[in-house]
Structures are given as structure tokens and as C-alpha cells.
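No value in this document is a laboratory result; all are computed from the given coordinates. What you are looking at is a predicted structure, and each value in this text was computed from that prediction instead of being measured. Backbone-built Cβ (ideal geometry, glycine too); neighbour counts: all protein chains shown.
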Amino acid sequence: MTSVLLNRQIAAAFGTCEEAPLKGALDALQSAGLSDLAANLVNLLVEIEDTYDRHAEIERRAEKARRLVACLDLTGDVLCEWDLVSRKIKQSSAWQRRFGTIGGAPVRSIDDWLEWILPDDRAMVGERLNTVLQRRAPLMEIEHRMLDPDDGWRWWLLRCRVSVRDGEGKPKRLLVLHRDITDQKRSEAALVRAKEEAETANRARGAFLANMSHEIRTPMNAVVGMTELALDTPLDDVQRGYLETVKSSADALLTIIDDVLDLSKIEAGRLELESVVFSLRNVLGDTMRGLAVSAHRKGLEVLLDVAPDLPDRLYGDPTRLRQVLSNLVGNAIKFTERGEVAVEVSKLRHSGMSLYLQFVVRDTGVGIAPELHEQIFDAFMQGDPSTARRFGGTGLGLAITNRLVKLMDGQIWLESEPGGGSTFYFTARVAAEPNAAAPSFELPTGLQGRAVLVIDDCPHALALIARMLQQLGLEVDTTDDASRVPALVAERARVGRPYDLILADGGMPAPGGLALLQTFDNVLLLLANHAQRQELARSAAVPSRPHLVKPVFEDNLFDALRAAFDVADLRRLELARFEVDEAAVLGLDAAEPLNVLLVEDTLVNQALAVQLLTKAGHRVTVANNGVEALEWFEQQPFDLILMDLQMPLIDGMEATAKIRAREASRSWAVGEGPRQCYIAAMTAHAMQGDRERCLAAGMDDYISKPIRRQALNALLKRAIDHRRAPKGELSVLLQNWTG
Ligand code: ADP
């Protein structure tokens, strides 16, 4: 080994020192026979060179070590090595600085150091150290506390691994790293404390709100309940008005309380959605029917368009879905003065059990300025203040809606311009069986292919209902002009394909709407106006006729059509063909027109009676109640007064008594003055004894509602006879009639 090295070194020395005097010296020594000396000299030189190399290597390593220490210093970590045999700690300077002396006492051994660990943590640290020493884990990390006499307890992270083991694998040395994590621990603790405090405050707020709302709700329910009871008692109009205001204000207050409670529940993350099975169409129907009342009161058209491919049986939270819809549709109605509010529902996608729905709520109302499109979804934010004042509200609705939509994994956005109406879109995820089919509304084969005529002056409504009818398998004609109906019907009858049914918007003025009932027997009315509906249901002009309430839904359209076809079929048996000739239908002798005062408080009955009378050529004045009747009576003579019995202010009986009293006090009572006016009661109370009571109250005649053409014709004839007859014959006429 030495000789190889020697040869290499000699070769190198001689090879590189050609001109050096050393070569000459060696040559001289060799030639002088002093080869040993020359060899020793070479060895010496090689040794010097080796030493030099080693020194340079040591220097390099020392530099590396210095750099490592500097890096370690930068991290703030403290490194040391434990000698597990001598239990001494080989300390770095950083370690010296941190742990060299604690509380004035020097720390040299592992045991010295362990002394300062918080007693509670000591056992845990020992246990974890054993996991590394016993090779159960290559590396160990633990957080523990140590006493720092200057700064109380500090948190340390201890990380270690065995650096040297003996031949038997027993650990001899342990490399240990300490990191001060006190600041991190303190901020963690502060965060936990803050979170706990926030949770406590939230719980307190939730409990407070729940209590408050309960406390407010209890008396409010009493207010609402008692007001409802009071409204059921006899009241004059003024009192009724006061109480109705109390009721609607109480209802509004309850809504606000619910909103505030909902919002706080959502904010506190305490609102969870249900997942129950529900019928989509029922939820839509119930929601829209409820809201349509206020829309119809404003004269707005309400439309619902559900994509035919949507399954009906869904899983989700119907209450919250209804809440979102009610809010958007409620706003649409609130902020729309004329036109329509339309809701469209369609399927975005169906993957697995998840069905994504898209809802569109479109109105033709005041619209929203672009800069408010985001803001209005914030709590207590309303659009422009003047609009907010005009329409009222709390600014909570959309905030709640927005959060509910998010809970349903959906999004909400809008398109709107001031004056150009608004369209709100929202999506929602519900669950549906992957193969859930849309409900199929199929008319029995016998009814398919039947011809129907639809009359509506709202183009959107007309198109929508025509589409629904076509989907049901009917042959559909449409018109928005009711005056064309007789011609259309006649034409159809002429070619031998008469309409089986006429679907007509109940809100159109004569000759459309309710007036069609008088002309055609096969009319299915689409009623919008709440008053119309109630009236039709109560005193139904033609009680056996089915009608439909707008907005029209597939399911109730289906039911109504079946009922209507049944009725129409029955009628067809009675009548050879539809009566189109109005004069023939009315069959009245209008040669002697009467001046009639119609005293009636409900619009539908007014409209019907006016239609019948004017078409027969009589002149009609309408009084809405007994008080107006008396005013008209003072102003001009009438041949006939058709007097409703139940009316606000002054009812029919009282009004008749007053009219009779006034007639009696007039001078015509003496001699041949004007005869008594012919008064006929019109009443829905076709009860035993009604007729007698009316006659006793001073009336001459009696007709029961719903008014039938024949009965009215007979009544008008008697009124004409009364006008013709001299005073003395009145009793005979009456006898003829009552007999
Ligand atoms: P509010 O109870 O005041 O109606 P919302 O949160 O429901 O509260 O609505 C916030 C605001 O958004 C309303 O005050 C109104 O200015 C505007 N807005 C909402 N819907 C409509 C709409 N369909 N047409 C016009 N403005 C609307």
C-alpha cells in the first residue's frame, strides 16, 4: 500500500517538478548512492501533501458545519445530542443560550433538563421517548410545556431520533431538536377561546330569538285569533274595515317575525333542510294558488309552465322550496302593476339520484337597476328607497331566499332593467329516482281528439293552455276575441265538427267571460278573480258547470276537462245542438222595455243580470247596495227593482221597507198618482218561507238565485203586466203568480 502510494507520489513529484531543483537534488542523492535518503525525502514530501489535503478537507467540513448551524439558527430551532450512556447533553451554542442555565441553575445532563418539564407532561414525554428508543418509531415528535422562570410556562415541540446504536442495537446517542411554539400555541388558544365565546354568544342569541319570537307570537296569535272571531260576528262596514286592518297587520307582523327567525337560524348554521318525499306539482300548485289571489286582485295574469318531462315524485324540502318560490313570486306580484307574472320550471340535469331543477320567475313590473342586482340579496337591503316606501317590506326576503337556495346546492341570479320587468332564476338540487317518469295525463280514448275552443285575451296564457290541451290529445282552436266566438261555433257546427268544449277566460268583458255562460252550455270558465270564483261557487250561475281556477295546472285541467266533458255529454243528450241564437235563447219580448234598478253587491251577479236584461232590450241601472238603491229611487222612477237580500249597509228587506215608506209619503198616494214600483227579491237563500217573508216586507215578486233565464223571463213578463195593469188588478196578478 505504502509502496503503491510512494510510487505514485514519486512519479507525481518527479513528473511535475521537472525543472525544480528537487529533481536535481534527488538525482544527485541517487547517484551519490544515497537512495535511502532520497526515498525518505520523497516520503516526507508525500506526507506533507497528505496533511495539507486533510487539513483542507477539515476546513471544508467545518465551513459546511458553520453554514448548517447558521441555517439552524435562522429557523430558531435548538439542536443537541443526548449521550444516553453518560446522560450528558452535547450542546450547541443555541442550546446553551436557551437551556444552559434555567432559573440560575446549570443544565448539563438529561436529568437536569427533564426537571424543568411541567410535571403533568413529564410522564407523557418519557412514554413517547421510549417509542423511539425501543425502535417502535423511527422518529418522535411531542408538544410539551417547560418552566421558564422569566416567562412562566412555555410550549416546546420536541423532535428526536436515535443517532448512534451499539453493536447490539442499543441506543447510545439521541439527536434532539427543540422548537419554541409558545406564540403559535397562544394564538391557537386565543382562537379556540374566541370560537367558544362566539358559539356561546350565538347560542344565547338563538335562544333569545326563539324566546322572543315565542313571546311575541303568543299574544300575536291571540290578536289574530280573536280578530278572526270578531270578524265572524255581526259588524257594520266601518267596524269590519278596522278589524280587517288589524288582522292583516298582525299577519304581516307574524311574517316579519318568521323572517327574522329564519335568517338568524340560517346565519347560526342551525337551519337544516328536510328530505321528505313530495309532489312537485302539488307544491307548485299550492304555492301559486295562494299567491294568485293577490295577483288577480291587482288584475295580473299568473302563469305556471312546468316542463312536461319533469318527474313529480321528488325528495327534498318542500317547505323551503315553497318559501323560496313564494318570496320570488310574492315580490314579482308586489312590484308589478300590470301585465303578468310567469313561473317556469324545467330540468337542468339528472345524474344518479340528483335532479337539478331550474326555476324562472318572470314579471312585467318596475324592474331593478343594474347596480342593485347584487345588493338586494343582502339582509335588510331594499332597492331604491322610494320604491321600497311604496311597496313596503323588510329587505329580508331575498337574503333568506339566497341562503336557502345555497342550502339546496343551487344558485340565484337575475336579469332586470328599470321599467323592463325582472326575471329571477334559481336552481336547486332535489332527489329523484334515476328512472322516475313524468306523470302522464292522458284523457280516456273517448275524449281524445275532441275539439275545444280557447278564448283568452292574454296571448301568453292562451298559448300555454293551448299547448297543455294539445298535449292531452285534444284538437285546439284559439281566439283572443270573444266576439268571434258565435261565428266560430256556428262554422264548426255547420261542418259537423262542433266544439265539445269552450274554455274561456272568466275575466274578459262581455261578450266574453261570464257572458258566454248565457249563450253556450259547454263553457268551462277559467276564473281568475277571487270574487268571481267565490260568487260562482256560492250562487253559481249554472251550478253543475265545472270551472277552473287560474293559474291552470296540468292536473286540475285534466280533472276539470273530464268533468266538463261529462257534463257537456249530458247536456248534449238534452239539447240537439248548442244554442247559438241569442234572441232565441232569451226568448224575451223586448217590445216593451222596462226601466230596471238592479240592486246587487256582487260583481258576477251584476254582470250576469245586466247581460240578460240589456240583451233583452231593457234599461238597467246598477246599485251596489241598499243605500245606493234609495239614492237612485229618489232620482228617477223605475218599473222594476231587482233587490238582492243580503247586502252591506242596508239589506234588501230594509231597503224595500224604506222605499215603500217613501212611496207612501208621496202625494201620488192620493188619486191616480204613479203606481208602486214592482220590487222583486233576488235571493240565494231558497228557503221555505223566504217568499212569504219577502212579500210581507212589501215586495211584489221573488226570484231565486242562480237566476235562470226562464224564471227571469216570467218575472219580466209579470213586471210588464204590472205596469200595464190598473192599480186595482194588482192583487189578481199576484194571485196568478203565487198560485
Ligand atoms: P322586501 O321585503 O323589501 O321586498 P326583498 O329582500 O324580498 O325585500 O327584496 C329586496 C329588494 O329587491 C326590494 O325592496 C325591491 O327593491 C327589489 N326587488 C325584489 N324583487 C323585485 C321584483 N320582482 N321587481 C322589482 N324589484 C324587486
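Below are the figures for this structure:
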read-out: Point-to-point label distance, residue 62-residue 143, nm (Cα→Cβ direction, 7 Å offset); value: 4.2 nm
read-out: Added length on full extension, which subtracts the Cα-Cα distance from 0.36 nm per residue, residue 374 to residue 635; value: 87.9 nm
read-out: Sequence-distant residues sharing a close amide H with residue 601 (under 5 Å, placed H); value: none
read-out: Using θ = phi - 60° and Karplus 6.51 cos²θ - 1.76 cosθ + 1.60, couplings along segment 196-207 (whole Hz; Gly, Pro as x); value: 5, 4, 5, 5, 4, 5, 4, 4, 5, 5, x, 5
read-out: Overall form of segment 291-450 per C-alpha gyration tensor (a/c, 1.5; a/b vs b/c); value: oblate
read-out: 3J(HN,Hα) from dihedral phi, segment 469-477, Karplus parametrisation 6.51/-1.76/1.60, rounded to Hz, x for glycine, proline; value: 5, 4, 4, 7, x, 9, 8, 10, 10
read-out: Gyration tensor verdict on segment 273-369 (Cα atoms; rounded if a/c is under 1.5, prolate if a/b is larger than b/c, oblate otherwise); value: prolate
read-out: Amide proton proximity set for residue 679, modelled H, under 5 Å, gap of 5+; value: 641, 700, 701
read-out: Shape of segment 239-298, Cα gyration tensor, a/c cut at 1.5; value: oblate
read-out: At R0 = 51 Å, FRET efficiency that the Cβ-Cβ distance of residue 651 and residue 556 yields, to 0.05; value: 0.90
